[in-house]
Amino acid sequence: DADAKWAAVQQWRAEFVALQGREPKVWIDKCCIDQRNIEADLRCLPVFLSGCRRLVVFCGPTYLTRLWCVVELFTFVHCGRKVADLSFCPLVREGHEDEDLELLEAQFESFDAEQCTCFLREDKEKLLGIIRNAFGDLASFNEEVKSIFRQTRWATELRQMRQQRTAWSIASPRAAHKAPGCGGLRAAG
């Protein structure tokens, strides 16, 4: 949901300004990578990401199914950034909070690059080829990505949210408190 994502970005921005006293400097992949010539910018991805201090992950039900998203997250960590430099902001659909949290949790635990998609089939084949060349096989890459997920403890956070029957939604009128580090995502009671 584009409106929900935009609202989350704006809320994150407002929280950043309140904490830092200035506007954030952001690099938005979709806006900064030439979508008509992704292959050329793929070589520059480590350069782009190494210029970022933090990576804010607005993670909805489709995030972990999009190969580009996972490759960016992986590249960020392997460009010398720490897992602690990742901010996790779960995005769930209002009225489907439990379902979406459960789906995200399962995706963190069962990530498989082969099951991911790209808008263009050629992009997926190119990325999977690069991964296979670098890791020898997809299973090794999958384990590296799952290791990042385990280090972030995002799946654990999601499990705790579900167990407490706390669900996240954006700007819910029933908002109880801010989600940690999520720039205004709210817990709906």
If you go through region 54-79 one residue at a time, how many are touching a Ser or Thr at 6+ places or on another chain (Cβ under 7 Å), free of Cβ contacts under 8 Å to residues at least 40 places away in the same chain and more than 21 Å from Glu157 (Cα to Cα)? 1
Return the total of residues in region 1-51 being over 30 Å from Ala134 (Cβ atoms), over 18 Å from the mean Cα position of the chain (by Cα) and among the acidic types (Asp, Glu). 2
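Filter region 14-53 for residues that are assigned to a helix (DSSP H, G or I) and either within 14 Å of Leu86 (Cα to Cα) or in contact with a Ser or Thr (Cβ under 6 Å, 6 or more places away or on another chain) (or both) and give the result. Steps first, answer last, please.
Start the filter on region 14-53 by keeping residues that are assigned to a helix (DSSP H, G or I), which leaves 14-20, 29-32, 38-42, 45-50.
Result: Leu45, Pro46, Leu49, Ser50.
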Out of (1) assigned to a loop (DSSP other than H, G, I, E, B); (2) surrounded by fewer than 17 Cβ atoms within 10 Å (Cβ to Cβ), what's the single condition that is false for Pro61? (2)
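Out of the residues in region 101-147 that are over 25 Å from Leu42 (Cβ atoms) and in contact with a strand residue (DSSP E or B) (Cβ under 8 Å, 6 or more places away or on another chain), which is modelled with the highest pLDDT?
Initial filter on region 101-147 (over 25 Å from Leu42 (Cβ atoms)): 101-106, 109-110.
Keeping just the survivors that are in contact with a strand residue (DSSP E or B) (Cβ under 8 Å, 6 or more places away or on another chain) gives 101, 104.
Details: Leu101: 87, Leu104: 91.
Step by step, filter region 101-147, then rank; the result is Leu104.
Can you pull out every residue in region 27-71 that is among the β-branched types (Val, Ile, Thr) and at pLDDT below 90? Step through it out loud before you land on a result.
Going residue by residue through region 27-71, those that are among the β-branched types (Val, Ile, Thr) are 28, 33, 38, 47, 56-57, 62, 65, 70-71.
Passing the criteria: Ile28, Ile33, Ile38, Val47.
The values are calculated or read from the model by the stated rules, or taken from the named source; none is laboratory data. All values derive from a computational prediction rather than experimental measurement. Neighbour counts run over all protein chains shown; Cβ positions are idealised from the backbone, glycine included.
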